[in-house]
Amino acid sequence: MRQAHCEIARSSLLLSNCPDDVVTDVLKRSIVKRFTRGQALFDHGDPAHSVFIVLDGWVKLYRITPNGSEAIVGVFTRGHSIGEAVALQHDRYPVASEAATDCEVMQIAATDLVNTMRSRPEVCIAILSSTFAHLHALVEEIEQLKAQSGAQRVAQFLLSLCPCETGSCTVSLPFDKILIAGRIGMKPESLSRAFSRLRDHGVKVKQNQADIADVAHLRGFVDDELGQGLIRHKAAR
């Protein structure tokens, strides 16, 4: 395990609020695994023996619907933790997980975390904070799906990849457009229309790159659209 791996894990939602000595002990008993794109981390229904922290690349969570299509539950990247809620209950994974790109993840045995929580009660609060953060993110995502237009969701996704707050920026799309569409609750053809609409706001997409002429302007477009979407949503209630 490299020092960079430890730093990413320490800053993750799962471990960032834990005492330093606890984190050091957990990291000593954890392992780093590498997965190639398309390789499964775990399947739907598998016993939840482990919690994962993404160190590099992207990991997707999904379920197969009754008609055989794939429903994307979430896509996670560096510093995000996966599976703590079910692993700490010795439950089964309610979704499947797969490497959306080549990736590295840290695997932590759930029994180690549970034993630590029993011996160090303050760790329970830290782990609870992580679970709450996941829930809060899910609520925000549901709100966005209800209130945001397709173009706004795409713009928000692009902004999440930007390393800067202002000026021009070029970002690499981390995975294919079908997965992007599933991640933000759209059909692939709707995603293409949304990209076309964003041309009027300085976004040009070519293959796996998006050129953004003005990050601040794009953020303003998202905020304006969100305000209008909330007004429409409240009016319809």
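The values are calculated or read from the model by the stated rules, or taken from the named source; none is laboratory data. Everything numeric in this text was worked out from a predicted model, so none of it was measured. Note: ideal-geometry Cβ built from the backbone for every residue, glycine included; neighbour counts use all protein chains shown. For the accessible areas, the whole protein counts, side chains as well, though only heavy atoms, and no ligand, DNA or RNA atoms are used. Shrake-Rupley method; radii C 1.70, N 1.55, O 1.52, S 1.80 Å.
Below are the figures for this structure:
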quantity	calculated
Subset of segment 143-199 [surrounded by fewer than 20 Cβ atoms within 10 Å (Cβ to Cβ), β-branched (Val, Ile, Thr) and free of Cβ contacts under 8 Å to residues at least 40 places away in the same chain]	Ile178
Counted residues, segment 87-116 - those being more than 15 Å from Ser50 (Cα to Cα) and either open to solvent by less than 20 Å² (accessible area, probe 1.4 Å) or modelled with pLDDT under 90 (or both)	3
Considering residues of segment 17-34 that are open to solvent by 30 Å² or more (accessible area, probe 1.4 Å) and in contact (Cβ under 8 Å) with a residue 40 or more places away in the chain only, the residue farthest from Asp112 (Cα to Cα)	Arg34
Test result for Gly79, under 24 Å from Glu141 (Cβ atoms) and either in contact (Cβ under 8 Å) with a residue 40 or more places away in the chain or of a type outside the set (Val, Ile, Thr) (or both)	yes
